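The structure appears right after this line, and notes come after that.
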Amino acid sequence: MTHLLVTGGAGFIGANFCRLITSLRPDWRVTVLDKLTYAGNRANLAGPAGPAGGSVEFIHGDIADAATVGPLVAAADAVVHFAAESHNDNSLTDPTPFVQTNLVGTFVLLEAARAHGVRFHHVSTDEVFGDLEIGAGTKFTESTPYNPSSPYSATKAGSDHLVRAWVRSFGLDATISNCSNNYGPYQHIEKFIPRQITNILTGLTPKLYGTGEQVRDWIHVDDHNRAVLDILERGRGGETYNIGADQPDINNKQVLELICELMGADGYEHVADRPGHDQRYAMDAAKLRRELGWQPQFTDLRAGLVDTIAWYRANEHWWLPAKQATEAKYAARGQ
Ligand code: NAD
Ligand code: TDX
């Protein structure tokens, strides 16, 4: 039996990961450590027990608090580290919590993992590599130099460097994954896809930053999490794995037009662009496919969006309470 400590397990990807573990590894024990920031929601974990009795224990606490973290890490066989401040736009308004959670929090977890000799998996992002030219066929590989653009991506890049330093200097048994843009159920409505879906559902006009030519490399959250599980179980210590679904380039304007078509909505507005906006992301996940035999199961964005739209339609009680405050933040930025 394996006991996982999942940080950020009340957030979008972490909660979906807990659901996946309780269903695929029902004999494992899962403890979630989450601060429940605006992005965390205990309802994301409601009833995730798997068919064979998997259980999730919830601890409300901060990854940057060494006194909380120490005993939890000591009791676990592995830490899967999702907790982060995750939204680029917020990092442009106030980078402070990004430095605190993404850098200091990761440092505190690494020190605990080192002290207790616990396996560590760090969940990171494609944004650490910066961006690519629109129209160029190039992709990020694991050896692409780091070149982050925003306070968010700079703190994620710094956290990756901390993990590598703990591997090399202290022999920590750690792996890193860098994944592209996720979509799926339980994603906070500040993010692009759920923001547009819930705008349409509440009668607001969808909002496209700038010209909408930017390209994101969309992957379903379950495909991301199955890759994290593969790396946790079979990844080589000290290695980094890129995660991406190898889909054809699609820009934000095309994604938004697809959402509008699927929801029978017409029209959207162009709003103020994001300062320093990354132009194009594309991940080369060949190493993950070759070494671990991973393959994405959701290879049709249109079908994935149909499911995701249906989820937001059916779960208004989950997102509606946050809608007004989320849109007020955007309105203050002219977005
Ligand atoms: P999210 O914002 O939905 O969830 C983050 C969770 O972390 C929340 O539950 C929050 O309460 C918790 N948290 C924040 N600060 C904390 C702290 N100090 N202590 C304990 N818990 C804290 O984020 P997400 O989209 O689920 O992303 C999860 C991870 O995956 C992040 O590390 C992110 O960088 C990475 N990632 C995200 C994407 C994406 O498309 N969303 C893509 C690649 C990588
Ligand atoms: O209303 C919007 N309109 C719009 O055009 C919003 C919220 C976004 N956008 C654009 C900006 C981006 O080009 O859509 C694209 C996606 O935006 P986000 O959902 O904010 O994602 P992004 O900035 O690409 O970062 C995401 O993927 C990498 C996650 O938020 C990060 O946590 C992850 O590391």
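See the values below:
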| read-out | value |
| --- | --- |
| Failed criterion for residue 245 (all others in (1) closer than 22 Å to residue 156 by Cα; (2) in contact with a Pro (Cβ under 8 Å, 6 or more places away or on another chain); (3) open to solvent by 10 Å² or more (accessible area, probe 1.4 Å) hold) | (3) |
| Breaking point among (1) more than 16 Å from ligand 2 (Cβ to nearest atom); (2) within 18 Å of the chain's Cα centre (by Cα); (3) open to solvent by 60 Å² or more (accessible area, probe 1.4 Å), for residue 149 | (1) |
| Enumeration of residues in region 207-240 that are more than 12 Å from the chain's Cα centre (by Cα) and either within 9 Å of ligand 2 (Cβ to nearest atom) or within 28 Å of residue 275 (Cα to Cα) (or both) | 207, 208, 209, 210, 211, 212, 213, 214, 215, 216, 217 |
| Odd one out for residue 263 among (1) closer than 29 Å to residue 139 by Cβ; (2) in contact (Cβ under 8 Å) with a residue 40 or more places away in the chain; (3) open to solvent by less than 70 Å² (accessible area, probe 1.4 Å) | (1) |
| Leading residue by the ranking (farthest from ligand 2 (Cβ to nearest atom)) among those in region 1-47 that are more than 21 Å from residue 113 (Cβ to Cβ), assigned to a loop (DSSP other than H, G, I, E, B) and touching a residue at least 60 places away in the same chain (Cβ under 8 Å) | 41 |
| Filter result for residue 180 (in contact with a strand residue (DSSP E or B) (Cβ under 6 Å, 6 or more places away or on another chain) and within 14 Å of ligand 1 (Cβ to nearest atom)) | yes |
| Qualifying positions in region 70-105 - over 20 Å from residue 59 (Cβ atoms) and of a type in the set (Asp, Glu) | 89, 94 |
| Number of positions in region 89-141 that are within 15 Å of ligand 1 (Cβ to nearest atom) and either modelled with pLDDT under 95 or in a loop (DSSP other than H, G, I, E, B) (or both) | 4 |
| In region 158-209, residue nearest to residue 327 (Cα to Cα) [restricted to those that are among the small types (Gly, Ala, Ser) and buried (at least 21 other Cβ atoms within 10 Å of the Cβ)] | 184 |
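A quick yes/no check of all residues on (1) in contact with an Asp or Glu (Cβ under 8 Å, 6 or more places away or on another chain); (2) at pLDDT 95 or above; (3) within 11 Å of ligand 1 (Cβ to nearest atom):
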position	(1), (2), (3)
12	no, yes, yes
27	no, no, no
32	yes, yes, yes
37	yes, yes, yes
64	no, yes, yes
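The values are calculated or read from the model by the stated rules, or taken from the named source; none is laboratory data. Fair warning: this is a prediction, and the values are worked out from it, not measured in the lab. Because the Cβ atoms are built from the backbone with ideal geometry, glycine has one as well, and the counts that use them run over all protein chains shown. When the accessible area is computed, the model is the full protein with side chains, heavy atoms only, and any ligands, DNA or RNA have been set aside. Shrake-Rupley method; radii C 1.70, N 1.55, O 1.52, S 1.80 Å.
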